[in-house]
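Just below is one structure, and these are the notes that go with it.
Readers should treat all values here as calculations from the given coordinates under stated rules, not as data from a laboratory. Given the structure is predicted, the values throughout are model-derived calculations rather than measurements. Backbone-built Cβ (ideal geometry, glycine too); neighbour counts: all protein chains shown.
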Amino acid sequence: MGDNKQVDRMIHATKTKDRQNWRKMGGRNYNKGAIFSLALICVIWYFAAHAVKAPFIFPYLENVAYQVVYSLTDMYVLENLAITMRRVVTGSLYAFLIGFPLGMVMGYSPKLLQTMSPFINSLRQVPIMAWVPLTIVWFGIGDGPTVFLIAFSGIFTIILNTVSGVQDISKDFYNAARSMGANTFNIIKDIVIPGSLPGVLTGIRLAIGLGWMSVI
Amino acid sequence: MVEAQGRLETERVIAYMVIAGLIGYLMDTILVLCERALLRWKE
């Protein structure tokens, strides 16, 4: 071992390959970890359920697995799943169509952000279930209320993530583009939209997840 | 899921929860792949 502590640490890290192992856990070979965790959960579930012996409270793993396979081959369940997915996609699309331009203008213009944020921030605090009676009055019975609620639960996530995506763009990009003679349209097309894309995509991911959660 | 809840069929409720989780995971994976394709310039 060397005298220097840092050298010792480096030798130790190389020997135990801990860096490579950590990289594998969250990188290329993460599936191994996920499959191992799933198997471990299943084993614990199997033995715990048989120890408790109360299938009404804690069902057996084999019965649940049978129900999963049975449901995935049952046309009634598949049809309902397709209807639910269609609603989620439609609702999320509406959320994107409204939330993305709103988030863009709010992120680009501080004045608009200041004007709109009190409304957005108060509206998004209203519990989603409080909208249910109102949506039935507005859209009647059918897909309308569900699609509205999915869109409503996702729209604020998209707005907030788009705003933060636009605000995260470095000022240097704007200055560089302006110094090269770019107009506002060019800046929006070549800097704001591509630069805010990571935030927008995160917003869409969260919105679809929220829609899927709220529809079931 | 609501039907199974009403009939107190715990196994079916959990089975539907598993299916919902699987479909949600698949949708998220598709979006992650789209994200990777769209943000290739960032890497």
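What to note about this one:
- The calculated FRET efficiency for residue A:121 paired with residue B:42, based on their beta-carbon distance and R0 = 25 Å, is about 0.25.
- FRET efficiency, residue A:42 to residue A:131 (Cβ-Cβ, R0 45 Å, nearest 0.05): 0.70
- Once the C-beta distance of residue A:54 and residue A:8 is scaled by a Förster radius of 45 Å, the resulting FRET efficiency is 0.25 to the nearest 0.05.
- At most 16 other Cβ within 10 Å, DSSP loop - trypsin sites (Lys or Arg not before Pro), region A:37-127: A:53, A:124
- Separation in nanometres of the label points that stand 7 Å from Cα toward Cβ, at residue A:86 and residue A:74: 2.1 nm
- 20 Å reach of a label modelled at residue A:184, 7 Å along Cα-to-Cβ, counting backbone N of region A:106-126: A:106-117
- Most fluctuating residue given options A:96, A:152, A:58, as computed from a GNM of chain A linking Cα atoms under 10 Å: A:58
- For the protein assembly as shown, the convex hull drawn through the C-alpha positions has a volume of 225 cubic angstrom per residue.
- For residue A:95, neighbours were defined as the other residues whose beta-carbon sits under 14 Å from its Cβ, and their charges (Lys and Arg +1, Asp and Glu -1) total +3.
- Helix B:10-38 vs. chain B, principal-axis angle (Cα, 0 to 90°, nearest 10): 10 degrees
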